[in-house]
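The values are calculated or read from the model by the stated rules, or taken from the named source; none is laboratory data. Because the structure is a prediction, the values reported are computed rather than measured. Glycine gets a Cβ as well: all are built from the backbone with ideal geometry, and neighbour counts include every protein chain shown.
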Amino acid sequence: MNEGFSNLVTHIGDFLDKTQDGYAIFSMDDVLIGCNQAFADILYLNTELIIGQTFEQLYREIYKNQKGPIINTTDIDQWLIEANKKRRSRDFRIFEIDLKDGRWFLVSEQISDKGELLLHAKNITKQKVLEHNLHQHTSELSNLAATDELTQISNRRSFISQVSSEINRCERNKLPACFCLLDIDYFKKVNDEYGHITGDQVLVELAEVINSLLREYDPFGRIGGEEFGLFFPDTTIEQGQEICQRLCELIVATNFNSPAMPINITVSIGVVEYWQGATFEQLYSQADNALYEAKDAGRNQIAIHD
Ligand SMILES: Nc1nc2c(ncn2[C@@H]2O[C@H](COP(=O)(O)OP(=O)(O)OP(=O)(O)O)[C@@H](O)[C@H]2O)c(=O)[nH]1
């Protein structure tokens, strides 16, 4: 043993009871032969009483006390069988545990040539909290980036991406589908007569009314202004036309902005049948042509692209 190493061995004990990290050594037959205070604190057990106990006895005690590491089971015997299978399966193991008090530890287990097991538990609660917050912020940001601020449905970008992946699915599974563009008729009049804020309210309610008729997985988004896009996977053109007909009827029958000042609107819808190999741009352009036909033909109606 070189001098530096023997100095380390002599002095390391002074640090072991200062550190927040838990240290413990188990014998070949898994009896706890030594540990520091931090390790006992993690288990919520008394240092003096745990020396000489086996890993199994310790975990049975923790399970009984319902303090310390979370043991997610209703059957501790089965849990110990599974834990023991993993425990000495490799010379070095690393895993995370969480405690009832909310702390998290990164635990490493190293087995020596003599078969003794050195356990080191590092407090990683701060990192876990940061990780959790970051994850939450990321998902909030991606929701924001995909949502139309006014109507809270998908925005143009997110709608295009959902339709594109549905197009791929329909292509792979040889499914029929319909793409629709829906536009409010004479919406300028609503704004002119009732004001822009009421116009906004009509848009919000319209999105809700349309959503109430759709299946949960039908992509539906606000393309821009008073124009909305819909995609019906696994739907024939006849079925698509029927859904659009029901949408038109429901919208005509709805009193928007009620009870303040009920407003009635109509919509025009351009529908195109999906064909194998079609792109979003092609479907959009053909549905747009059909939408103009519906407007030209007097509005409050559906036009199917030929
Ligand atoms: N309140 C409100 N109005 C909007 C919004 N986006 C677009 N608009 C209005 O929608 C109206 C669209 O007018 P036009 O393109 O002339 O269409 P229209 O009056 O609906 O007539 P047709 O589509 O030809 O039946 C304009 O008055 C826009 O200001 C919005 O987010 N909120």
- Within region 281-306, count every residue that is in a loop (DSSP other than H, G, I, E, B), within 16 Å of the ligand (Cβ to nearest atom) and among the charged types (D, E, K, R). 1
- Query: Any residue at all in region 265-280 that is assigned to a helix (DSSP H, G or I), under 34 Å from the mean Cα position of the chain (by Cα), polar (S, T, N, Q) and at pLDDT 95 or above?
  - Reply: no
- Take the residues in region 84-101 that are at pLDDT below 95 and of a type outside the set (D, E, K, R), then tell me which one is surrounded by the fewest Cβ atoms within 10 Å (Cβ to Cβ). S89
- Message: Quick test of your reading of the structure: T151 fulfils all but one of (1) assigned to a helix (DSSP H, G or I); (2) surrounded by 14 or more Cβ atoms within 10 Å (Cβ to Cβ). Name the failing condition by number.
- Response: (1)
- Task: Looking only at region 249-259, decide whether some residue is farther than 24 Å from L175 by Cα and in contact (Cβ under 8 Å) with a residue 60 or more places away in the chain.
- Result: yes
- Would region 20-39 turn up any residue that is free of Cβ contacts under 8 Å to residues at least 12 places away in the same chain and in the same structural domain as I111 (by TED's automatic domain parsing)? no
- Task: Report whether or not N191 is within 10 Å of the ligand (Cβ to nearest atom) and part of a loop (DSSP other than H, G, I, E, B).
- Result: no
- Query: What do you reckon, is L181 away from the ligand (no atom under 14 Å from the Cβ), among the aliphatic types (A, V, I, L, M) and under 23 Å from A297 (Cα atoms)?
  - Reply: no
- The lone exception for K128 - which of (1) over 24 Å from the mean Cα position of the chain (by Cα); (2) surrounded by 17 or more Cβ atoms within 10 Å (Cβ to Cβ) it fails: (1)
- Kindly provide the set of residues from region 201-229 that are near the ligand (Cβ under 10 Å from one of its atoms), surrounded by 14 or more Cβ atoms within 10 Å (Cβ to Cβ) and more than 26 Å from the chain's Cα centre (by Cα), ordered by number. Q201, V202, L203, E226, E227
